[in-house]
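Written out below as structure tokens is the structure these notes cover.
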Amino acid sequence: MTKSSAPGTARGSGPAAAASARGGRPRASSRRTLEDAAGELFLERGYARTTIDQIAQRAGVGRNTFFNYFATKSDLLWLDVDDTLRAVPEVLEEVPAGLAPSDALREAMLGLAARHPHRGIPLALSQRETIGAEAEFRASGLERFLGVAEQLSVFLADRAGRTPNDPLVRAAAGATVAALVSGASGWALAGVERGALVDAVRTAVEPVSRGYAPVLDAAPPATR
């Protein structure tokens, strides 16, 4: 004979049943559950026709739980990439102090690439056309990589004895980030045959680093 249900608890009640009744998964405070739910819905409905409420419902969580993990829907296009970009300050701190500015620039980008997981291909790259997120991909991507360029300008200015607003510093930082994005994008779209991200980034960034070396590594002009 089985034990009876606890008083006041009907069979099939509780979080799992509630989630099932509303068409979602059992309640789970899990970022990965939200990521999986969003990926499914973007492929089924398209990015623009998927709402945050629908993602939360599919994941079996409340709307507020979504915002515990993500500030906007577009953040879901950049999974893993955002985790890597949050490491930029730490990566810059780890670049050896004795390097020439152009070499420091290259090593910073290689260090960042080394932090990224091999399987970390964001939807923004792998599925943007399929899910109809091309415009959002460009807008949200620009915001992210301009932020990296700003951090790199401060880093490079310190290494080169210049100011972050120096046109040379800003140009070198912007060109380096553009090369980083180009190398990483090509790597991500290469499919299962892709090699190491560090190698792809080195191929893209090294010519930029070498090109700026004669002016970056020279002593800055004396101020009057």
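Assorted remarks:
- Candidate set: the stretch 65-95, residues that are under 21 Å from R115 (Cα atoms) and of a type in the set (D, E, K, R); chosen: the one surrounded by the most Cβ atoms within 10 Å (Cβ to Cβ): D75
- If you go through the stretch 128-165 and keep only what is aliphatic (A, V, I, L, M), in a helix (DSSP H, G or I), more than 18 Å from T176 (Cα to Cα) and over 14 Å from the mean Cα position of the chain (by Cα), you end up with just A135.
- Search result, residues across the stretch 132-165 that are farther than 24 Å from L77 by Cα, in contact (Cβ under 8 Å) with a residue 40 or more places away in the chain and surrounded by 18 or more Cβ atoms within 10 Å (Cβ to Cβ): F155, L156, R159, A160, R162
- Of the criteria (1) β-branched (V, I, T); (2) closer than 22 Å to R128 by Cβ; (3) at pLDDT 95 or above, which one V81 fails: (3)
- The stretch 173-224 - residue that is free of Cβ contacts under 8 Å to residues at least 24 places away in the same chain, in a helix (DSSP H, G or I) and among the charged types (D, E, K, R) and, of those, farthest from L152 (Cα to Cα): E193
- Of all residues making up the stretch 187-201, the number that are touching a helix residue (DSSP H, G or I) at 6+ places or on another chain (Cβ under 6 Å) and surrounded by fewer than 17 Cβ atoms within 10 Å (Cβ to Cβ): 1
The values are calculated or read from the model by the stated rules, or taken from the named source; none is laboratory data. This structure is a prediction, so every number in the text was calculated from the model and none was measured. Neighbour counts run over all protein chains shown; Cβ positions are idealised from the backbone, glycine included.
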